[in-house]
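For reference, the structure is listed below as structure tokens.
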């Protein structure tokens with residue numbers, strides 16, 4: 001059901017963006033908030049009450065070092081989990097900054113001709129895939145495969161890279177030129 005809502009919201013936002021020529025700040029925030037809610041759910045399996053952020057990150061990434069963007073996204077998810085936030089609460093209240101920063105990171109990789117599966121945010125695929133949490137995960141997407149996890153939005157964004165730029169700019173995130 002949530003996947004259907006996400007796909008519908010992307011279609012509404014993308015058609016609205018085409019009609020208006022640009023995403024509004026609120027449209028960009030909602031897209032980012034929905035992705036944060038999904039990401040938080042994906043990493044929730046390693047969270048335990050009282051666990052420190054460093055333990056949480058190590059459980060997910062092992063010895064790999066996430067990028068600044070990946071680390072900030074993990075911290076935001078950790079904070080939501082620590083506070084017991086529901087996906088609905090995240091979608092209503094999250095400002096979108098960390099997800100926008102991650103999308104900006106991928107936009108810059110794309111501008112340099114680098115294709116990504118999203119694992120670069122969290123230190124790469126090799127170490128992340130070998131953690132017990134990743135090995136025991138069910139389903140097609142692993143927590144560190146950012147593009148896979150947000151496939152409905154990612155498909156639209158990859159087909160519409162100017163849309164990524166609009167989304168990042170609508171979030172008032174500074175674009176880094178390649």
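The values are calculated or read from the model by the stated rules, or taken from the named source; none is laboratory data. As the structure is a prediction and not an experimental result, all values here were calculated from the model. Here the Cβ is made from the backbone with ideal geometry for all residues, glycine too, and neighbour counts use every protein chain on show.
Tabulated data
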read-out: Test: residue in the range 31-52 that is part of a helix (DSSP H, G or I), free of Cβ contacts under 8 Å to residues at least 12 places away in the same chain and farther than 19 Å from residue 121 by Cβ; value: no
read-out: The lone exception for residue 86 - which of (1) free of Cβ contacts under 8 Å to residues at least 12 places away in the same chain; (2) farther than 23 Å from residue 50 by Cα; (3) touching a helix residue (DSSP H, G or I) at 6+ places or on another chain (Cβ under 9 Å) it fails; value: (2)
read-out: Lone qualifier among 47, 56, 39 - being closer than 15 Å to residue 118 by Cα and surrounded by 17 or more Cβ atoms within 10 Å (Cβ to Cβ); value: 39
read-out: Wholly enclosed helices (runs of 4 or more DSSP H) of the range 69-178 bearing at least 2 residues modelled with pLDDT of 85 or more; value: 87-93, 97-111
